[in-house]
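Inspection log for the structure reproduced underneath, given as structure tokens.
We did not get these values from a lab; they are worked out from the coordinates using the rules stated. For clarity, every value in this text was computed on a predicted model and none was experimentally measured. Every residue, glycine among them, receives a Cβ derived from its backbone with ideal geometry; neighbour counts consider all protein chains shown.
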Amino acid sequence: MTRTSTTDRVFASLRESIVTGEFPAGSLHSIYRLADLLGVSRTPVREAVLRLADIGLVAIERNRGVRIRGVTVADVRAAFELRLMVEVPAAALAAAHADAATVATIRAELDHMRRHAAADDEPSFTAHDRRLHEAIAGAMGNARLRTEVATLRDSIQSRGASTIRRSRGMVELAQEHAPVVEAIETRDPQGAAAHMEAHLVRTATLLMEQVAVDGDEVVDPDWSRPLRDHLYVPGRSATIQPLSQ
């Protein structure tokens, strides 16, 4: 077995231990102990730990070891506040302005999600979920916007946080996307925005409840209201006061 494949195996094993809670957030581990636990040399463990640090799952403490960071409530909230600000107006814009080819792509991604949900194929389901959101974000032709949406998703998902098989199934999640797609198809900007908003708020709330530390963190079910009340979406407007002379 090559060093690269050993590092990949160690990375996957450590990530799974963090995501499942076997290594709880805040716990401290030495490279030596992890190497013994996994039956490998220290080199692939060090390499895997550096990769885990890059995606925010651990913090390396000099002369102490590896501190498990995991995903916090604050991490989820920060990412989803930004997603609300970007993806809700993007859904409205897609409903109003997306061309027929883009709308067809969005519908096809939902159909793929449903098919893979029925086949219990989580990796393929997740890939098409990602592409659906990217297609909606890309409807205005802004490549940077599409990239930012992908980055925000990865900031949470690449660190192992997911609701699939934890708080909801793939069939349910696919169905949650359906009203967004249908509103885009029927050229209903307000409906597209409202359904995207509801989907993102529900996803974030479920994720925050999953990663909350028992007894230490309480998730406010109304956490998103201050932000949602001030989003620019169809049906809501802001009165801009002229600058005083």
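Remarks
- Normalised Debye scattering of the chain at q = 0.07, 0.12, 0.18 Å⁻¹ gives log10 I(q)/I(0) of -0.29, -0.77, -1.32, counting only Cα atoms as equal scatterers and leaving out solvent.
- Value at 222 nm in deg cm²/dmol, rounded to 500, when DSSP H runs of n ≥ 4 in the chain each add -39,500 (n - 2.57): -21000 deg cm²/dmol
- Sequence-separation-based contact order of the chain, relative, with Cα cut under 8 Å and 6+ spacing, percent: 22 percent
- Residue-wise HN-Hα couplings along the stretch 40-45, as the Karplus relation 6.51 cos²θ - 1.76 cosθ + 1.60 with θ = phi - 60° gives them from phi, are 10, 6, 6, 4, x, 5 Hz; Gly and Pro carry x.
- Helix 189-211 vs. the chain, principal-axis angle (Cα, 0 to 90°, nearest 10): 20 degrees
- Of the trypsin sites (Lys or Arg not before Pro) found in the stretch 106-189, those that fall in a DSSP loop while having at most 10 other beta-carbon atoms within 10 Å are ARG165.
- Remark: the chain carries a charge dipole of roughly 800 debye about the Cα centre, counting +1 on each Lys and Arg Cβ and -1 on each Asp and Glu Cβ.
- For the options ARG51, ARG64, ARG83, a Gaussian network treatment of the chain with springs between C-alpha atoms closer than 10 Å singles out ARG64 as fluctuating the most.
- The residues packed around VAL171, meaning those with a beta-carbon under 13 Å from its beta-carbon, carry a net charge of -2 if Lys and Arg are +1 and Asp and Glu are -1.
- Computed from Cα positions, the angle between helix 170-185 and the longest principal axis of the chain comes to roughly 30 degrees.
- Using θ = phi - 60° in the Karplus curve 6.51 cos²θ - 1.76 cosθ + 1.60, the 3J(HN,Hα) couplings for the stretch 219-231 round to 8, 6, x, 9, 4, 8, 4, x, 6, 4, 5, 10, 6 Hz; x is entered for Gly and Pro.
- 16 Å cut-off, amide nitrogen to a point 7 angstrom out along TYR32 Cα→Cβ, residues in the stretch 49-89: 62-66
- The mean sequence distance of close C-alpha pairs (under 8 Å, at least 6 residues apart), as a share of the length of the stretch 1-113, puts its relative contact order at 24 percent.
- The chain: angle of helix 100-118 to the longest principal axis, Cα-based, in degrees nearest 10: 40 degrees
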